[in-house]
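See structure below.
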Amino acid sequence: MEPQFIDPAISRYTDRPLPEYRHLPFRNAHPFLDEEGHSYGEKLSPPKSFTLENWQSCNDYLYSIDLFNYGFWWEAHERLKQVCIAAGRESETGQFVQGLIQIAAALLKHFLREEQGAMTLAELGLGNLQKTGGIYLGIDVATLVVQVEDCLKSADTEYPQIHLKK
């Protein structure tokens with residue numbers, strides 16, 4: 001089963017290759033821990049810096065958006081955790097990134113038909129995003145919120161994507 005996206009031909013923000021498969025917990029090889037995992041042995045670490053001023057040049061953030069946009073929600077979630085650490089977890093930017101992490105997890109749960117978990121995570125994530133407004137870290141917050149809410153209303157839906165505004 002493959003997810004359907006609002007814009008199947010969305011442009012990428014990096015040239016880093018996408019993983020060989022979408023990790024689905026307890027259904028396929030763990031990317032980092034299993035020898036068959038698509039990122040076996042890779043160690044993630046936070047970028048040196050992540051701020052409102054440098055997000056456009058943060059390859060880890062941009063790659064996380066690519067992963068999100070192509071339905072690699074678990075992978076996006078893991079990489080965004082590192083970006084959140086670099087931003088400072090309690091900062092406004094860190095809280096916004098935490099919202100993206102929660103939304104990625106919510107979309108994965110929705111894809112796996114775990115609706116209770118999806119709704120709980122989405123509520124938390126959308127709350128973190130809505131603490132800001134307008135365009136934040138290149139993301140049109142209102143548009144993403146509507147896309148996520150619409151997606152979670154139906155099992156057969158198009159999944160949201162993030163069009164960064166630079």
**Request:** Please verify whether the range 64-77 includes one or more residues that are free of Cβ contacts under 8 Å to residues at least 60 places away in the same chain, under 23 Å from Gly125 (Cβ atoms) and surrounded by fewer than 17 Cβ atoms within 10 Å (Cβ to Cβ).
**Result:** no
Filtering the range 50-79 down to residues that are more than 10 Å from the chain's Cα centre (by Cα), aromatic (Phe, Trp, Tyr) and in a loop (DSSP other than H, G, I, E, B) yields Phe50
Result of the Cβ filter at 7 Å on the range 1-15, keeping first residues that are closer than 9 Å to Asn69 by Cβ and at pLDDT 85 or above and partners that are in a loop (DSSP other than H, G, I, E, B) and hydrophobic (A, V, I, L, M, F, W, C), at least 6 apart or interchain, is Tyr13/Leu164
Quiz prompt | Verdict on Glu36 being assigned to a loop (DSSP other than H, G, I, E, B), farther than 15 Å from Trp74 by Cα and free of Cβ contacts under 8 Å to residues at least 40 places away in the same chain | solution = yes
*asked:* Being out of contact with any Phe, Trp or Tyr (no Cβ under 6 Å at 6 or more places or on another chain), under 14 Å from Leu152 (Cβ atoms) and part of a helix (DSSP H, G or I) is the requirement here; does Thr93 meet it?
replied: no
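The values are calculated or read from the model by the stated rules, or taken from the named source; none is laboratory data. Keep in mind that what you see is a predicted model, and the values were worked out from it rather than measured. Cβ coordinates were reconstructed from backbone atoms using ideal geometry, including for glycine residues, and neighbour counts include every protein chain displayed.
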